[in-house]
Amino acid sequence: MGYDVAVVGAGVTGLSIAWHLAQESGRSIVLLDGTGVGAGASSIQPGGVRQQWGTEMSCRLAVESFRFYQQFDERLEPSVSPSLNECGYLFVAEAATGFQQLQRNVALQNAEGIGSRLVDAEEAAELVPGLSSEGIAGAAWHARDGYFDRPLAVIGGFHQAALARGVTYLDRDLEALQHNGSQWTLKLSGAEQISAGTVVLATSYETPRLLSGLGVEVPITKEPRYLFYSNPINQRLLEPLVVFVDRHFAAKQLADGSVLASDLTADGDPEALRSEWYKHIKESIRERLPVLDLVSFPVMVEGFYDVTPDRQPIVGPVTGHDGLWLAAGLNGRGLMMAPAIGRLVAEAISSGTLGEPLGELSLERFAVSDLTPEPQVV
Ligand SMILES: Cc1cc2nc3c(=O)[nH]c(=O)nc-3n(C[C@H](O)[C@H](O)[C@H](O)COP(=O)(O)OP(=O)(O)OC[C@H]3O[C@@H](n4cnc5c(N)ncnc54)[C@H](O)[C@@H]3O)c2cc1C
């Protein structure tokens with residue numbers, strides 16, 4: 001079977017690319033994923049879509065994506081609305097160095113038109129009732145950062161809308177790629193084979209393995225991250241989302257009442273270290289959010305970030321391999337960047353030209369030394 005474009009990986013990145021490509025009629029598009037739609041990190045993410053970032057690139061991708069998500073229901077007509085809640089994000093710095101970074105970030109965000117601002121410890125405590133503000137160096141606040149109440153409905157919405165636009169979904173994995181003149185041959189699981197003029201790999205941390213056969217090196221590593229959830233609680237204890245930047249600790253009470261706590265320093269064997277991580281979370285709660293002191297977190301969920309050396313995604317064509325594209329290395333923020341990345345990739349494939357942002361996100365950037373790392377990854 002032959003297609004114009006094959007998108008490999010049905011996470012939020014691949015789904016957005018397939019949907020954006022399908023806006024132009026007359027093109028045959030196939031979306032492949034042998035594990036299932038949203039089977040990777042896209043079904044683990046709890047729904048955060050913020051615009052407070054520390055590089056122009058991340059701010060621009062996040063702002064465009066946020067605007068898209070504000071119109072998600074009108075544009076995609078999902079059967080279940082993901083319900084974007086503009087709850088606000090407060091980034092709290094306890095150390096002076098952490099606050100200096102927040103100051104730099106807010107200056108950059110404001111230059112990009114994002115209405116974030118710095119707040120002192122007193123105002124931080126007003127914004128987050130129950131926050132212990134003693135010893136806080138300062139904080140950054142943006143009232144319009146948001147959270148999806150039903151994040152999986154974003155995945156479902158993109159999938160349904162892509163199918164409605166004529167995208168074919170195959171529950172097959174890509175096993176190998178081969179270029180034959182103007183076409184790519186894709187060898188799939190189940191001993192099947194298809195061909196496509198253009199192939200987009202939206203395969204997260206699997207991308208390096210898939211490209212090694214072509215001699216292409218992709219600097220993406222797989223790093224585990226853990227989320228801890230309480231059972232739903234019938235009382236609102238915490239509003240809005242709060243991130244403690246020096247501790248890499250974040251907490252949010254979700255729409256169903258459960259409290260989500262993440263300690264992004266958790267590293268190592270989860271079997272052996274789970275209770276230590278739990279203690280660390282309880283310690284941060286006692287010191288900074290005592291209002292949550294009686295909350296327990298019986299559920300621990302493991303997911304993986306696809307991490308690049310500069311914490312920026314790799315998006316664009318692979319030089320020397322005509323018609324082969326990458327969209328991976330989302331570094332823990334793929335949901336909040338997916339609409340912009342989908343549009344950029346689809347437009348570049350349609351027009352045959354790369355806009356400025358894609359040049360900056362190319363795989364080739366790692367060959368030079370002046371990378372611009374994103375500092376606001378949590
Ligand atoms: C704990 C945690 C919390 C997070 N919180 C947030 C958040 O609040 N907000 C946010 O924006 N982001 C968050 N993220 C990050 C976000 O989940 C990811 O960046 C995003 O889901 C990446 O989407 P993706 O489509 O690029 O990758 P994935 O969702 O991982 O999808 C990749 C897909 O490729 C498929 N695949 C792999 N190999 C093959 C193959 N050979 N053939 C076919 N298919 C293949 C996989 O099965 C998978 O479905 C979080 C991540 C984690 C782990």
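The values are calculated or read from the model by the stated rules, or taken from the named source; none is laboratory data. Note that the coordinates shown come from a computational prediction; the quantities given were computed from them, not determined experimentally. Using ideal geometry, Cβ is built from the backbone for each residue, glycine included, and neighbour counts are taken over all protein chains shown.
Laid out as a table, the results:
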read-out	value
Failed criterion for His179 (all others in (1) surrounded by fewer than 20 Cβ atoms within 10 Å (Cβ to Cβ); (2) part of a loop (DSSP other than H, G, I, E, B) hold)	(2)
Residues being near the ligand (Cβ under 7 Å from one of its atoms) and farther than 19 Å from Ala153 by Cβ - total across the stretch 22-41	3
Residue satisfying condition, being closer than 30 Å to Thr55 by Cβ and assigned to a loop (DSSP other than H, G, I, E, B), within set Gly215, Gly257, Gly268	Gly268
Residue satisfying all of: in the stretch 188-212; under 24 Å from Ile314 (Cα atoms) and charged (D, E, K, R); nearest to the ligand (Cβ to nearest atom) among these	Glu206
Only listed residue being under 16 Å from Ala340 (Cα atoms), out of contact with any Gly (no Cβ under 6 Å at 6 or more places or on another chain), part of a helix (DSSP H, G or I) and within 16 Å of the ligand (Cβ to nearest atom), chosen from Trp19, Trp53	Trp19
Filter result for the condition that a residue is touching a strand residue (DSSP E or B) at 6+ places or on another chain (Cβ under 7 Å), at pLDDT 95 or above, part of a helix (DSSP H, G or I) and at negative phi, over Ala162, Ala140	Ala162
Candidate set from the stretch 182-207 (those that are of a type in the set (Gly, Ala, Ser) and under 13 Å from Leu31 (Cα atoms)); member that is surrounded by the fewest Cβ atoms within 10 Å (Cβ to Cβ)	Ser195
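Yes/no matrix, rows are residues, columns are (1) assigned to a loop (DSSP other than H, G, I, E, B); (2) surrounded by fewer than 21 Cβ atoms within 10 Å (Cβ to Cβ):
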position: Leu273; (1), (2): no, yes
position: Tyr278; (1), (2): no, yes
position: Lys282; (1), (2): no, yes
position: Arg286; (1), (2): no, yes
position: Gly303; (1), (2): no, yes
position: Asp306; (1), (2): no, no
position: Trp325; (1), (2): no, no
position: Leu330; (1), (2): yes, no
position: Pro339; (1), (2): no, no
